[in-house]
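Data block below; observations after.
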């Protein structure tokens, strides 16, 4: 029996409000629906998907530390922490696998403060602007990078 490989999906502050918060920007789909979509994509590619959502940067950092030497890759939608979460940046920099940054909207088309990511320098790639579909794209990208 072969052991399943694991991807971790991290969701940052306020993302549990998907479907309610600014649906004109983030779409009508809830976070659980997006996680289910990501899980299905991971399963098709031979991976299990674990999900952690927190409004606390410290909890997200702890999740990254727990993932070290255990999961193959991390897909991270850090929300606003993408722009100022330096401790999350440092944790991801110390992670020993693939990191894909995910944005539902396109940060470059929004307010100037959203155009700089502290996560991007430690990510293998960035998926942005595809709405809920971005979850599937990011999981596929992470899985393919793990397998390359």
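Test residue 141 against the stated conditions and say whether it is within 12 Å of the chain's Cα centre (by Cα) and closer than 22 Å to residue 21 by Cα.
Here the answer is no, as residue 141 does not meet what is asked.
Look at residue 64 and say whether it is touching a residue at least 12 places away in the same chain (Cβ under 8 Å), in contact with a helix residue (DSSP H, G or I) (Cβ under 6 Å, 6 or more places away or on another chain) and under 11 Å from residue 11 (Cβ atoms).
no
Out of the residues in segment 118-134 that are out of contact with any strand residue (DSSP E or B) (no Cβ under 7 Å at 6 or more places or on another chain) and part of a helix (DSSP H, G or I), state the one that is farthest from residue 95 (Cα to Cα).
It comes out as 133.
Mind checking whether some residue in segment 81-103 is surrounded by fewer than 14 Cβ atoms within 10 Å (Cβ to Cβ) and either in contact (Cβ under 8 Å) with a residue 60 or more places away in the chain or touching a strand residue (DSSP E or B) at 6+ places or on another chain (Cβ under 8 Å) (or both)?
No, segment 81-103 contains no residue that is surrounded by fewer than 14 Cβ atoms within 10 Å (Cβ to Cβ) and either in contact (Cβ under 8 Å) with a residue 60 or more places away in the chain or touching a strand residue (DSSP E or B) at 6+ places or on another chain (Cβ under 8 Å) (or both).
Values in this text are rule-based calculations from the coordinates and carry no lab data. Being a predicted model, the structure only gives us computed values, none of them experimental. Neighbour counts are summed over all protein chains in view; Cβ atoms, including those assigned to glycine, are modelled from backbone coordinates with ideal geometry.
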